[in-house]
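Colleague: Let me begin by handing over the structure; questions about it come next.
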Ligand SMILES: Nc1ncnc2c1ncn2[C@@H]1O[C@H](COP(=O)(O)OP(=O)(O)O)[C@@H](O)[C@H]1O
Ligand SMILES: [Mg+2]
């Protein structure tokens, strides 16, 4: 079993080139045992590019097709295929080395890194760790454009269909489209376990479906009385408290967006637990989510990351978002704004008003900055009119402040308060 203390979580990212910006570091706050990362920034600032290339990099730890390191007799066998330098389009081929010289290996890695857009920093032996433990690591990448395309289930399938996909770069697409198959397999296994009187196994599966029922009830904000399985059609029905019976296919888009992520992770965790025969174990891993807020109404946007971090406490989430509701939602997170290159920690964001976050994080030309512009215009007008009468100006500013302070960013608020204090001081000096 891998513990969070030994798992190689990402500590920082070096961004070589995300199209919009080049050559900077994103350093994660030193939370123990790891920090989540939330990337924000204007449209086109490179959030998706960073996630996608981080995924490419991590896929290289998983497959022979990129970077592949294997420990054998204390020597490192390193096989690197052909890589394309994305900037000049040239191909460069790396050969196969048996190498014990760590300096040489490091030089080779440095050379390779020139061809990467995003380079995570963990520790020097991450590839070996990953190679040796990949069947016990949760790793998944949810692109911004994702949706649940259900597949018709015809009968049980082999579990190896899932385990063999777990370390492929496309595993997330496979898992999310096949979750019903996975659930069908579990129901059928359970039926056989019942026949064979394997009470423990039956209980474990019951507990799995019970957790699923509970969590889906929480998310949908309506009690699901039971998840019924129709073994003739291999179909599941969510039996709601109000009498409705829904299949997974007819859920509203927001729910299926959450369901997709949830099911993918439930399945991975379940496969790992099964392998270890340890059903309370919380596996370690890294999960990338582009726009977790996609398709969700505000309340669910607030809930999605807290839900995931509480269900999967040893997984490091790396998300890219536009939503202040997502930014302010979890603890132990580093928030990095690509547009300004500012780093915040979640303690500063949690509990701040959304309009604050909107203004300080996004500088959007939306209703919020229109409000801010409006406030600034009112202040300017008052200053123009009463600039030479500090006492009067102080008086006029107060109601503007009172009516608008909730919409002001912290910086703007401080500036406003300073302006009022100045007038007060001047008025006292005059009298
Ligand atoms: N393959 C590519 N080639 C050239 N430019 C790209 C490519 N992919 C994305 N871009 C550009 O890089 C910038 C960042 O895009 P993206 O990562 O999607 O931003 P965000 O997710 O923050 O909105 C955009 O200006 C986009 O047009
Ligand atoms: Mg994007």
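Colleague: Sorting check: for 149-158, 332-341, which peptide has the highest mean count of neighbouring beta carbons within 10 Å, and how do the rest follow?
Modeller: Values: 149-158: 12.1, 332-341: 20.4.
Result, highest mean first: 332-341, 149-158.
Colleague: If you average the alpha carbon positions of segment 6-32 and of segment 294-310, how far apart do those two centres end up, in angstrom?
Modeller: 24 Å
Colleague: Along the Cα→Cβ direction, 7 angstrom out, place labels at residue 161 and residue 426. What is the inter-label distance in nm?
Modeller: Roughly 7.6 nm, to one decimal.
Colleague: Work out Dmax and Rg for segment 160-282 from the C-alpha atoms and quote the Rg first, both in angstrom.
Modeller: In order Rg, Dmax, the Cα atoms of segment 160-282 give 14.6, 41 Å.
Colleague: State the volume of the convex hull built on the alpha-carbon positions of segment 132-204, expressed per residue in Å³ and rounded to an integer.
Modeller: Values: hull volume 8.4 nm³, N = 73.
With only Cα atoms used, segment 132-204 gives 116 Å³ per residue.
Colleague: For 386, 255, what's the fewest-to-most ordering of other Cβ within 10 Å of each Cβ?
Modeller: Working: 386 17, 255 22.
Fewest-to-most ranking of 386, 255: 386, 255.
Colleague: Can you give the percent of C-alpha pairs in segment 178-231 whose distance is more than 19 Å? All intermediate terms of the calculation are to be shown ahead of the outcome.
Modeller: On the way: 464 of 1431 pairs.
For segment 178-231, the fraction of Cα-Cα distances above 19 Å is 32 percent.
Colleague: Quick one: work out Rg over Rh on the C-alpha atoms of segment 204-247, Rh as Kirkwood radius. Before the final figure, lay out each step's value.
Modeller: Working: Rg = 10.4 Å, Rh = 10.7 Å.
My calculation puts Rg/Rh at 0.97.
Colleague: Could I ask something else about it? How compact is segment 370-430 by the rule of thumb for globular proteins, expressed as Cα Rg over 2.2 N^0.38 Å?
Modeller: Working: Rg = 11.2 Å, N = 61, 2.2 N^0.38 = 10.5 Å.
For segment 370-430, the normalised Cα radius of gyration is 1.06.
Colleague: For segment 313-329 and segment 161-213, what is the separation of their Cα centres, given in Å?
Modeller: 28 Å
Colleague: Taking 0.36 nm per intervening residue step and subtracting the Cα-Cα distance, what contour gain separates residue 389 from residue 195 on full extension?
Modeller: Numbers: separation 194, 0.36 × 194 = 69.84 nm, distance 9.03 nm.
Gain on stretching residue 389 to residue 195: 60.8 nm.
Colleague: What's the ranking of 41-49, 131-139, 19-27 by average number of surrounding C-beta atoms within 10 Å, highest first?
Modeller: Working: 41-49: 18.9, 131-139: 17.2, 19-27: 13.9.
Sorting 41-49, 131-139, 19-27 by mean packing, highest first, produces 41-49, 131-139, 19-27.
Read-outs: derived from the displayed coordinates by stated rules, not from any lab. If you're wondering where the values come from, they're calculated on a predicted model, not measured in any experiment. Backbone-built Cβ (ideal geometry, glycine too); neighbour counts: all protein chains shown.
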